[in-house]
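The values are calculated or read from the model by the stated rules, or taken from the named source; none is laboratory data. Note that the coordinates shown come from a computational prediction; the quantities given were computed from them, not determined experimentally. A quick note on method: Cβ atoms are made from the backbone with ideal geometry, for glycine too, and the neighbour counts reach across all protein chains shown. For accessibility, only protein heavy atoms count, side chains too; no ligands or nucleic acids. Shrake-Rupley method; radii C 1.70, N 1.55, O 1.52, S 1.80 Å.
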Amino acid sequence: QVQLVESGGGLVQPGGSLSLSCAASGGDFFIRTMGWFRQTPGKEREFVAAIAQFDSSTAYADSVKGRFTISREGKNLINLKMTSLKLEDTAVYFCAADWGSGGRLPGNYDFWGQGTQVTVSS
């Protein structure tokens, strides 16, 4: 069983930057893809970014492309660098891990973190 622990959420002004991290443990040897999703009240969880463990190839949602960067430190830690933050980026951000190829659908991921709140507000 894989455990995922997120850190780094908080309050930031529009246009500011924030970084999130996610550490995986317990069965992480089999992880092939890790990613970030976000969710706001009353809405479905939406894809933000993902990174493949094998070759560090990345994928981004159109809404964050050019502003967010996902990266990997070793096999067990991923980061999400968020810049030029907008009000609409406010959400709970969840780290996810998959033993397969992941993708953009939440249902493809096997393991989830507890989530960390990101609030963009002036």
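In region 24-53, what residues are part of a loop (DSSP other than H, G, I, E, B), closer than 13 Å to Lys75 by Cα and touching a Lys or Arg at 6+ places or on another chain (Cβ under 8 Å)?
The answer is Ile31, Gln53.
Please state which of the following conditions Ser21 fails to meet, knowing it meets all the rest: (1) open to solvent by 30 Å² or more (accessible area, probe 1.4 Å); (2) outside any strand (DSSP E or B).
(2)
So, in region 78-104, exactly how many residues are over 12 Å from the mean Cα position of the chain (by Cα) and at pLDDT 95 or above?
Selection size over region 78-104: 8.
In the list Ala49, Ala59, which residue meets the criterion of being under 14 Å from the mean Cα position of the chain (by Cα) and surrounded by 18 or more Cβ atoms within 10 Å (Cβ to Cβ)?
Of Ala49, Ala59, the one residue that is under 14 Å from the mean Cα position of the chain (by Cα) and surrounded by 18 or more Cβ atoms within 10 Å (Cβ to Cβ) is Ala49.
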